[in-house]
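Any read-out appearing in this document is the output of simple, stated calculations on the displayed coordinates, not a laboratory observation. Computed from a predicted model, the values in this text were never measured in an experiment. Note that we place each Cβ from the backbone using ideal geometry, even for glycine, and neighbour counts take in every protein chain shown.
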């Protein structure tokens, strides 16, 4: 017997004990079966009862149509949800690629970067300490890419030539940044 017809028969009170037991066993098999039964029962309870002559044909067909509509809506919602998940994953994947592939891992890039930030990045990259005696130097901005520069001396010389400043070594890891400032540049 058709599952929907069996549910219809049980809900209408026309099912035998064997049919009721068969439905109970089917419902107990899975959560999806339980959900489907609850959906049909809800439709059954909220549907107006037609006359006895119409009940057999029209009532059963209306319930079947409502079940199909509800099933279609659930599929549409799942499709939309899956599409949102795929789009979200694609965006996250793109952002991850952008952070890893399009980034310059072998160098330091400065784009109109303030001298405070330049100093911090140099200190972190080369494990040095830089002191600035002239506060006017901190107003300077620097734009360059120090690509594949592994030694600090080359990096510091590049900045010296670009900004007309000097890094004076106090020790192996300590430098003073000196110059007149960037107001004339």
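Convex hull volume of the Cα atoms in region 123-162, per residue, in Å³?
Cα-based convex hull of region 123-162, divided per residue, equals 86 Å³.
Helix 152-163 against the longest principal axis of the chain: what's the angle in degrees, Cα atoms only, rounded to the nearest 10?
It is inclined by approximately 80 degrees.
Let me test this: with uniform point scatterers at the alpha carbons of region 3-99, what is the Debye-based log₁₀ I(q)/I(0) at q = 0.12, 0.21 1/Å?
-0.53, -1.08
Relative to the compact globular guide of 2.2 N^0.38 Å, what is the alpha carbon radius of gyration of the chain, as a ratio?
That ratio works out to 2.35.
What's the angle, to the nearest 10 degrees (0 to 90), between helix 115-126's Cα axis and the longest principal axis of the chain?
Computed tilt is about 80 degrees.
Once label points are set 7 Å from the Cα along Cα→Cβ at both residue 75 and residue 141, what is their separation, rounded to one decimal in nm?
Simple spin-label model gives 5.8 nm for this pair.
Just want to confirm a number: the relative contact order over region 82-183, from Cα pairs under 8 angstrom separated by 6+ residues, in percent.
This gives 29 percent for region 82-183.
With labels modelled as points extended 7 Å from the Cα through the Cβ direction, what inter-label distance (nm, one decimal) is found for residue 117 paired with residue 20?
Output for this residue pair reads 7.6 nm.
Binned at 5 Å from 0, what are the whole-percent values of the Cα-Cα distance distribution for region 107-179, short to long?
The calculated distribution, bin by bin, is 3, 16, 33, 30, 15, 3, 0.
Compute the acute angle (0 to 90°) between the alpha-carbon long axis of helix 17-29 and the principal axis of greatest extent of the alpha-carbon atoms of the chain; round to the nearest 10°.
For 17-29 against the chain, the angle is about 10 degrees.
At a Förster radius of 25 Å, what calculated FRET efficiency corresponds to the Cβ-Cβ distance of residue 5 and residue 83, to the nearest 0.05?
0.10
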